[in-house]
Structures are given as structure tokens and as C-alpha cells.
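Here's the structure, in C-alpha cells; my notes come after.
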Amino acid sequence: MVMSESTRAEKIVFNVEAALYVALFALGLFVRLLALDGAPLSGDEARQALAAWNWFRGAPDTLTGSPLLFASNVLLFALFGAGELTARFIPAFVGSALIVLPAFLREPLGRGGALIASSVFAFSPTLVFFSRQVDGVMLASTFALAALVFAWRYLNTRVARDSQVAAVCAALAFLSAPDAWTIALALVLFTLMVRAGWVARLARDDVRFDPAVTRQSAILFAITLVGVATLFLFHRSGIGAAFNLFGIWLDGWMPGGSLFDPFRAFVVYDPLALFFGVAALIDLAFAWRVQSRERPLLFAFGAWALVAFVLSAFSGDKNPAHLVVIVVPFALLASWYVGAWAERLIEAIRVSPGAIELLLTQEAPVLFLASAVTGFMYLFIAEFTLRGSLNAADSLSVLLGRGSGAELSGTFVGVIAFIGILSVTLVTLATVGVERAKNVGVFFLLIVLSVWTIRQTALVNFVGAPHGTAHFFGLNPQELLVTRATAPNVRDLVRDLETASRWRANDTHALVFAIDASLNPAVAWELRDFPYAFIAPNPSAADSQALVLPANAPAPGANWIAQAYRVETTRTPQANFLRWFLFRDVGALESENVVLWMPSP
């Protein structure tokens, strides 16, 4: 059988696409696993990890937290031991799996849009950060999107396997984090839109649901929910923790905090998804009759994005992790918008004679000019942010003989920025015309926002805080996404206790000591390998060779000596937002300390 030219071309395109998805998955997994154990677990991470560790070793602990994280960490701790890498591995792997899900959305997003979505998922600062945290929000978002994708496939193809996979993924989403209920509310709203006729129904309205498939999917959902929540019936209190996630979600509805909290973090870390996602929502709103018939699934993403954003804005729970549930649908909408724009541009170039020559001789020089002007303005703003004034403004003040450089600098920066933007705009319009200028503007924004995205991914995930509060690959408490950052000094506490234990008992883990129950959970997590360490409220010197106490605790005895360690670092309010925005520098940081007390030798 001879393969036709069109069939051969389609096969080549499919193979190239598959290779690109594999490459994006591999890159995303590498970014998420790189030095995954470089930073100590934060207090919230440590509490979730300790719940699994304590249950595994038979110690009493009433917390389950995220049932899916609990069950997966118990299994990983049993197989590979407890550590930062094993505790964070499941969010990292599942966050990487999110990268390949757009491959199943090539019809609604377009082939180009699906690849762009995978790229955004792979390198989004927010998604990478929370894939590297012991937090269930990434699991909830990934499994919820997978459930939606496979449920949509089943509604169009009626393949039973798709319905069953959707049921399992939905159960895992509800076991991950309270945010799964936000997504469920958005999908209920989308269903009502379909029922009301605002969104086109499926093409195969003549096909009815198969009762057998529905029954099988419901059974799989129940088995997955109960089995994973209870760790296959060995941890029966886990089912209560699963239902408790719904209560936590309802509690988060209580209003409070700033309405700008999710928007501020969104602008800082994922402006590409925000800007083009909003453009996509506007496009859908103005062309909803056409788009609802051609790509109804986009309206599901729109409902998800709007519901998640509104709930996060008005909710009193301002945990930055909720931003994940907002970024995912916005990224999908943005990718569709950019992919559709790129397809129109490529088609216009293909059918227009001399388009490539015009692109190289007109659009490319304009883009180079815009990039140069942007870099020039960035240098001016950076100098103004660091010094508080500009050299050029200082010289101008001397020539004028009045005022100061500091007084003129703000005006100088504003004037330079205005002149730069105006000059680039006029040159672009004069060179390529109005219609082609729109394409140049979109392409320039894509370049700038993509570079900014990579910069933010590096800053928030792989660059520690200044002033010695964290090493490279540490968590920077000055980042908006970081609520609690455990300082590397807590590992110095572990090493000192090992040294003391070796000195006293010729064994690095034979020391008997007490840990105050009020301390940060990160302390108990770091000291988990000491079999004779115990946690107690207000422990005394009796029957202990050492004590780990709060910094303000009195000395346990007259002949006891102390060593203080920084455990947790938190940011102070940003006095200079521009300085923080460019350099993540807010000056002094607040810290929480603990003290190790031991008898004097």
C-alpha cells in the first residue's frame, strides 16, 4: 500500500508534535525536580509531611491535610524514606503531567494553541513554584483539568474508557485540595450556560448516556475516593478529612483582605497568561455566538477563570496557592488567542507575495528598535530605583542651577518613557502601517512577557533571599508567592545535635532531647531522624540531654548553655514597590528563632 503525500505529511506533523510535547514534558519535569530538596520545608509543608511520617511510624497525629498528598507520601516514605525530595515529588510529577494535557485539547485550542499552552504550563512561575511545594493545589488543578478533558472526550466520542478516566481524575481532584470545589462550581455554572442555550450543545445530541458506562464510572469514582482517602482502609479517618476539604472551602468564602491580592500576584508572575487571557475573554464575549458553536469548551475555561478569580478576590483566605486555579484556565485561554493570531499571521504570509521580504526588511528592524528602546528605559528605571536619582538628572539640575537630581529624576524617567513609547509607535505606524503594526505589537508583547516569565521563574524558584537568609535554590520570603520560608539555619541545628550526640554517645542520633510543641513544624520535621527526640508542651530539663525551646523561653537551669538558630523568615511591607519589583529588595526581614539548650560540659 502506497502512502499518499497528504497522509505522509500528516504523519510527519504528528511525529513532530509528539516530539515537542515529550520535550516540553522533559524540560518541565527537569525544572520542577532541579534541586527539589535544596530548600527546607516551610512550616505548612512540614506539617503536611509530618502527618504522613507520623502515621507511617505509628506516632499519634490527628492531622491528615490533603488526603491524596497524605496517602502518596506514606507510600513514598515507606519505599524511599522521608525527605524533602520524597515529600515534594508527587506535586512535582503531577505538575509536570499538566504540561501534556493540552495535547488532548488540540481541537478547541488549535494545534499551535495547544503547544503554546504546554509551553506556558512548563515555565509558568506560579505553576512551577507550587509544583515544588508540598501543597495539594497543583494536584487539584491538574486532576480537575484531566477530568474535564476526558469527560468532554466521552461526551463527543462515547468511549467508555474516557468516562472512567474522568471519574478517577475527578475523585483524585476532590481528595487534593479545597480548590477543587471552586473548579466544580465553575463547571456547574458552565453546565447551566449549556442548558440555557448560551453555549452550543454537543454535535451528537442524538446519542444518550449509556447507563452501564455511567454506573461503572460512578463505582470507580466511589472506589477511588474511599480507597485513596482511607489509604485502602488502613487510615479510616481520611474519609473525614476528604469531606473536611469542602468545609475549608466554604470557610474561605468569608470576605476579607484586599481585593487586589490575586491580581497583584498575577501581574507580577504571570502577565502573559493574564494579558492574553483577558484578550481571549473579550474576544469570546464579542463573538460568543460563533465561538460557542465552534469551540464550546473555551467557555468552560472562561467560567473556570472568572469564578476562580472572583472567589479569590472576595475571599478572606488570601493563600497565594489559590493563584494556581486562576492561572491554569487563563493560560489555556491565552494560548488559544495567541495560537489563533499566529495561524492568521502565518496564513497571511503564505498567501502574500513578498511577505517574507517585508518581514525581514520592515517588521524585524522595528522589533529591534522597540527592544533597544525598552532595554534603554529599563536601565534608566533601574538606576533611578537603586540610587533614588539619575546621573542625567543630577547634571541637568547643575546646569539649571536649581532643584536637585532627586526632584528631577521622577519627571525625567516619565518623560523618557513617554518619548520612547511615542517614538517607537510612530516609527512602527510609518514603516508598516496600521494593520501590520497590530501584529508587530502583539509579537513584541509576546517577546517581552516571555522573557519576563523566564526571569520570574528563575527568581521565585531558584534564587535565594539576600542578606544571608537563604542559599541558592532557597525560598525567598520577599516573593509574593512565599508565605513562610524556613531558613537554612535549621539544618545547622540538626548538624549541631548530631555532633553533640556523637560526642556524648558515639552515635549521631542517640541524644535524648525534647522539642517544645509550640515551635514551627519545620523544626520537628528536620529532627525526625532522632529516635529519642520527643515533642512536649513546656518541656523541662528532667530526663533530657538537650532542649529545643522558643527564643523567649527562660534557661532550663543555671549550668545550661544556649545557641540560637533562625528558623523562619518573613517579609516586611514593601516600602519601595518599584525597588522590590525589579530587585526583590525590601530591606530588613523579620525572623523567628529557636534556641538549643544543653548542659555545660
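Send over the Kirkwood Rh of the range 44-114, from the inverse of the averaged 1/r over different Cα pairs, rounded to one decimal Å. The answer is 13.7 Å.
Could you check how much of the accessible area of the range 94-230 is carbon and sulfur, as a whole percent, using a 1.4 Å probe?
On the way: 3520 of 5230 Å².
After summing per-atom areas, the C and S share lands at 67 percent.
Oblate is the label for the range 99-151, because the ratio a/c of its alpha-carbon gyration tensor axes (a ≥ b ≥ c) is 1.5 or higher and a/b is not greater than b/c.
Size of the range 261-331: Rg and Dmax of its alpha carbons, in Å, are 12.6, 38. The Cα center of the range 95-158 and the Cα center of the range 310-357 differ in position by 14 Å.
Annotation: amide H-H contacts under 5 Å for Ala533 (H modelled 1.01 Å from N, sequence separation of 5 or more, or interchain): Phe513. Dimensions of the range 209-346 along the principal axes, based on C-alpha atoms and rounded to the nearest Å, stand at 57, 46, 24, largest first. The Kirkwood hydrodynamic radius of the range 3-147, based on inverse pair distances between different Cα atoms, is 16.6 Å.
Name the shape class, rounded, prolate or oblate, that the alpha-carbon gyration tensor gives for the range 68-183, where a ≥ b ≥ c are the square roots of its eigenvalues, rounded holds for a/c under 1.5, and otherwise prolate holds if a/b is larger than b/c and oblate otherwise. Intermediate results must be reported in sequence, preceding the final value.
Details: a/c = 2.26, a/b = 1.45, b/c = 1.55.
Judged from the Cα gyration tensor, the range 68-183 comes out oblate (a/c at least 1.5, b/c at or above a/b).
Hey, can you find the accessible area per residue of the range 151-266 for me, probe 1.4 Å, expressed in square angstrom?
Details: 6570 Å² over 116 residues.
Each residue of the range 151-266 exposes 57 Å² on average to a 1.4 Å probe.
When the surface is traced with a 1.4 Å probe over the full set of protein chains, Glu479 keeps roughly 0 Å² accessible. Surface calculation, 1.4 Å probe, protein heavy atoms: Met254 sits at approximately 130 Å² accessible.
Of Tyr269, Tyr337, the order by accessible heavy-atom surface (1.4 Å probe, DNA, RNA and ligands excluded), from most exposed downward, is Tyr337, Tyr269. May I ask for the percentage of alpha-carbon pairs in the range 417-460 that lie more than 16 Å from each other? When every Cα pair of the range 417-460 is considered, 51 percent fall beyond 16 Å.
In whole percent, and with a 1.4 Å probe on the protein chains, what portion of the accessible area of the range 538-584 is carbon and sulfur?
The value for the range 538-584 is 52 percent carbon and sulfur by accessible area.
The values are calculated or read from the model by the stated rules, or taken from the named source; none is laboratory data. Keep in mind it's a predicted model, so treat the numbers as computed, not measured. Ligands, DNA and RNA are stripped out before the accessible areas are found, and what is left, the full protein with its side chains, is counted by its heavy atoms. Shrake-Rupley method; radii C 1.70, N 1.55, O 1.52, S 1.80 Å.
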